[in-house]
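Notes follow once the structure below has been shown.
The values are calculated or read from the model by the stated rules, or taken from the named source; none is laboratory data. Computed from a predicted structure; not experimentally measured. Backbone-built Cβ (ideal geometry, glycine too); neighbour counts: all protein chains shown. Remember, those area values only see protein heavy atoms, side chains included, never the ligands or the DNA or RNA. Shrake-Rupley method; radii C 1.70, N 1.55, O 1.52, S 1.80 Å.
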Amino acid sequence: QVQVVESGGGLVQAGDSLTLSCAASGRTISRYVMGWFRQAPGKEREFVAQIGRIDTNTDYADSVKGRFTIARDNAKNMVYLQMNSLKPEDTAVYYCAGNPGALTRDYGRYEYWGQGTQVTVSS
């Protein structure tokens, strides 16, 4: 089983950047597709980005494409989300999760979830 802990969230202004980190333990993340999801108050959890077991295969939600970059370091058991040009609509709790199957945007397929880290973007 994989345990993940997210960090790096905070309060920033529109246009700023943040890098979220996801530290995994228990098993090597090299076995898993890793993804970032987010959930704003009163909204459904939504897909943000995912990365395949080797980092050449990435996928982004249209709303973040070109602004966010997902990366992984299997040796360190870490996953990152670099977020640039942040917008108020990016405000949410961001979650890291692991999926033992194929790449998918369906959060129901992800089995290992952290507690999340809050990102708040002021206008």
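On the stretch given as region 53-77, residues that are assigned to a strand (DSSP E or B) and farther than 18 Å from SER17 by Cβ total 4.
Condition check for VAL119 on (1) touching a helix residue (DSSP H, G or I) at 6+ places or on another chain (Cβ under 7 Å); (2) surrounded by fewer than 19 Cβ atoms within 10 Å (Cβ to Cβ); (3) of a type in the set (A, V, I, L, M, F, W, C): one failure, at (2). Entry remark, region 55-86: residues being more than 12 Å from the chain's Cα centre (by Cα), basic (Lys, Arg) and surrounded by 15 or more Cβ atoms within 10 Å (Cβ to Cβ) number 1 in total.
Keeping to region 34-47, report how many residues are assigned to a strand (DSSP E or B), open to solvent by less than 40 Å² (accessible area, probe 1.4 Å) and in contact with a helix residue (DSSP H, G or I) (Cβ under 9 Å, 6 or more places away or on another chain). Residues that pass the stated criteria total 4.
Within region 2-24, the set of residues being touching a strand residue (DSSP E or B) at 6+ places or on another chain (Cβ under 7 Å), farther than 20 Å from GLN50 by Cβ and open to solvent by 30 Å² or more (accessible area, probe 1.4 Å) comprises LEU11, GLN13, ALA14, SER17. Do we have LEU103 as of a type in the set (A, V, I, L, M), surrounded by 15 or more Cβ atoms within 10 Å (Cβ to Cβ) and outside any strand (DSSP E or B) here? When the stated conditions are applied, LEU103 passes them. Only residues that are outside any strand (DSSP E or B), in contact (Cβ under 8 Å) with a residue 60 or more places away in the chain and not aliphatic (A, V, I, L, M) were counted across region 20-33, and they come to 2.
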